[in-house]
Amino acid sequence: MLRTNDSTVPIENAEAVTSIFGYWPSFHDGYLLSVLLEACEPSLTMKIHCFDSSGKVDDKGYYDLQNHTLTTLRFQGIALEYLSHFNEGNIIAALELSGIDDEPLDEEFVRSFIIPDVRFHATLSSSYGCIASFGYVSAIVLSAVPCDAEGNLLS
């Protein structure tokens, strides 16, 4: 994953992720495994298989990957702009989080917010597969647990 500075956007329980990686990651090359949309709040929950690279290359030419982790993030009070191209791959280029005041947003999208307290924006860009853009009120790391290189939980 690309190293990024700790997000200036507040994320409850962010230390569950930063304690593993030492920083807030961009989730670059991670795998988006699932997306759950719930109408009652409304919220969007995503499960990501993420990892870090030591920067070293093995004898086969592959990067040495470490800290394989299944991270579950929930975004609460969402205003979904788009979510598309979800498939069997879903390789993340970056998950960018920002304050609404930090970036220009489409005026029509902002006017469409059903949730008046939307203060943040998420953009999921992709190397392959799912892309998304949505506003949200708050975010929380539900879990960050070790897994193997295939994304299976360790026992």
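Using a 1.4 Å probe on the protein chains only, how many percent of the accessible area of the chain belongs to carbon and sulfur?
Numbers: 4350 of 8500 Å².
C and S fraction of accessible area: 51 percent.
Only loop residues by DSSP count here, and only those with at most 14 other Cβ atoms within 10 Å; note down the chymotrypsin sites (Phe, Trp or Tyr not before Pro) in the stretch 7-89 that meet that.
Working: sites: F21, Y23, F27, Y31, F51, Y62, Y63, F75, Y82, F86; in loops: Y23, F27, Y62, F86.
Counting only loop positions with at most 14 other Cβ atoms within 10 Å, the chymotrypsin sites (Phe, Trp or Tyr not before Pro) in the stretch 7-89 are Y62.
Test of understanding: extend the Cα→C-beta vector of L36 to 7 Å, then name every residue of the stretch 76-95 with backbone N under 16 Å from that spot.
Of the residues in the stretch 76-95, 76-78 have backbone N under 16 Å from the label point off L36.
Counting only the backbone N, which residues of the stretch 25-54 are under 13 Å from the spot 7 Å out from the Cα of I91 toward its beta-carbon?
It comes to 28-32, nothing else.
Over the chain, what is the mean sequence separation of C-alpha contacts under 8 Å (at least six apart), divided by residue count, expressed as relative contact order in percent? Walk me through the intermediate numbers first.
Numbers: 370 pairs, mean separation 41.5, N = 155.
Computed value for the chain: 27 percent relative contact order.
Rounded, prolate or oblate for the chain? Axes are the square roots of the Cα gyration tensor eigenvalues, ordered a ≥ b ≥ c, and the cut-off for rounded is a/c under 1.5. If you can, show how the numbers build up before the last one.
Details: a/c = 1.84, a/b = 1.79, b/c = 1.03.
Judged from the Cα gyration tensor, the chain comes out prolate (a/c at least 1.5, a/b above b/c).
On the full set of protein chains, 1.4 Å probe, figure out the accessible area of V35 and give it in Å² to the nearest 10.
Its accessible surface works out to 50 Å², give or take rounding.
Over the stretch 3-76, average the accessible area per residue using a 1.4 Å probe and give it in Å², no decimals.
Working: 3980 Å² over 74 residues.
Each residue of the stretch 3-76 exposes 54 Å² on average to a 1.4 Å probe.
Under unit Cβ charges (Lys, Arg +1; Asp, Glu -1), what dipole magnitude, rounded to 20 debye, does the chain have relative to its Cα centre?
220 debye
Considering the zone a paramagnetic label at V145 would reach in this model (a point 7 Å from Cα along the Cα-to-Cβ line), which residues of the stretch 13-31 have amide N under 16 Å from it?
Under cut-off, by backbone N: 16-17.
When the Cα centres of the stretch 55-78 and the stretch 8-50 are compared, how far apart do they sit, in Å?
Cα centroid to Cα centroid, the span is 12 Å.
Helix-derived [θ] at 222 nm for the chain: sum -39500 (n - 2.57) over DSSP H runs of at least 4, divide by residue count, nearest 500? Don't jump to the answer; show the numbers that get you there.
Details: 2 runs with 12 residues, N = 155.
It comes out at -1500 deg cm²/dmol, rounded to the nearest 500.
The values are calculated or read from the model by the stated rules, or taken from the named source; none is laboratory data. The shown structure was predicted, so the numbers you read here are calculated from the model rather than taken from an experiment. Backbone-built Cβ (ideal geometry, glycine too); neighbour counts: all protein chains shown. Side chains included, ligands, DNA and RNA excluded: accessible areas come from the protein's heavy atoms. Shrake-Rupley method; radii C 1.70, N 1.55, O 1.52, S 1.80 Å.
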